Amino acid sequence: MKTLLDSIQIESAPSPTAAVIWLHGLGASGDDFAAIVPELDLAGCAPIRFVFPHAPVMPVTINNGFEMPAWYDIFAPDLVRREDAEGIARSELAIEALIAHEVARGIPANRIVLAGFSQGCAMTLHTGLRHPQRLAGLIALSGYLPLVGSLAAERHPANFATPIFMAHGTADPVVVLPRAEESRKALEALGYAVQWHTYPMPHSVHPREIADISAFLRKVLPAA
């Protein structure tokens, strides 16, 4: 990537030694989750730079070709019958560039968490499990694992044991719970240890989920 995606950046304390790159969902923007930072209990964490990138604007087939921020195209409500492998690959490169930028700024890969909601969750799992350096963790919210059939051949050993926090709403009408459960089972079949959480919510974020994400971040990004 010649240029980085535009992003919102928030530092939990001066001189961050860790980073969280948080990917929004379809039709949203980096602003969508920036407001969550003050709600996180980061006591005991390293100083963290939160990076909330804005996805490129593109036509989305399922929305009648209407242009909106999207990490890749979506063709049908079931999400996986036909998938936009080329679009996913383009966004993977853009996310890799964000990781490389944080490394260049002095934060090693093993102090970087990838997080994402919905489409951002899909990109988090896709990119994080293929990344060639160990990451601190993956936070996969209200989404699914895309391109399941290619993961076994394309995944990188560096992240075989990376902690995965996966959460979903029991009443999600957008990415239905069975889709997320199928993704969890596919990950577990490949040997990944998934920390699985469900909450009584639709396609959204639950207060208890925020507390659980805080606990996960305290574990994977502790103060030095």
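The values are calculated or read from the model by the stated rules, or taken from the named source; none is laboratory data. Predicted, not measured: the structure shown is a model, and the values here were computed from it. Heads up, the Cβs are rebuilt from the backbone with ideal geometry, glycines too, and the neighbour counts pull from every protein chain shown. Surface areas here come from the heavy atoms of the whole protein model, side chains and all, with no ligands, DNA or RNA. Shrake-Rupley method; radii C 1.70, N 1.55, O 1.52, S 1.80 Å.
Here are a few things to note about the model shown:
- Sorting Lys185, Lys219 by accessible area puts them as Lys219, Lys185; the probe is 1.4 Å, largest comes first, and only protein heavy atoms count.
- The loop-placed chymotrypsin sites (Phe, Trp or Tyr not before Pro) in the stretch 99-179, going by DSSP, that have at most 13 neighbouring Cβ atoms within 10 Å of their Cβ come out as Phe160.
- This model, with +1 at the C-beta of Lys and Arg and -1 at the C-beta of Asp and Glu, gives the chain a dipole about its Cα centre of some 620 debye.
- Dipole magnitude of the stretch 124-224 about its Cα centre (Cβ charges: Lys, Arg +1; Asp, Glu -1), debye to nearest 20: 260
- Helical content of the chain, expressed as a calculated mean residue ellipticity at 222 nm, amounts to -9500 deg cm²/dmol (DSSP H runs of 4 or more residues, -39,500 (n - 2.57) each, divided by residue number, nearest 500).
- Computed from point charges on the beta carbon alone (+1 for Lys and Arg, -1 for Asp and Glu), the dipole magnitude for the stretch 1-130 about its Cα centre is near 360 Debye.
- As a calculated quantity, the FRET efficiency between Phe66 and Ala224 at R0 = 41 Å, using C-beta atoms, amounts to about 0.30.
- Global form of the stretch 117-207, assessed from the alpha-carbon gyration tensor, a/c cut-off 1.5: prolate
- Solvent-accessible surface of the stretch 152-218, averaged per residue with a 1.4 angstrom probe and all protein chains in place: 45 square angstrom.
- Taking amide H as placed 1.01 Å from N in the peptide plane, the amide H of His131 sits under 5 Å from that of His156, each at least 5 places away or on another chain.
- Cα shape, the chain, gyration tensor, a/c 1.5 rule: rounded
- In this simple spin-label approximation, Arg81 and Leu190 carry label points 7 Å from Cα along the Cα→Cβ vector, and these lie 2.4 nm apart.
- Within the accessible surface of the stretch 63-130, defined with a 1.4 Å probe on protein heavy atoms only, the carbon and sulfur portion equals 54 percent.
- Per residue accessible area of the stretch 69-133, 1.4 Å probe, in Å²: 35
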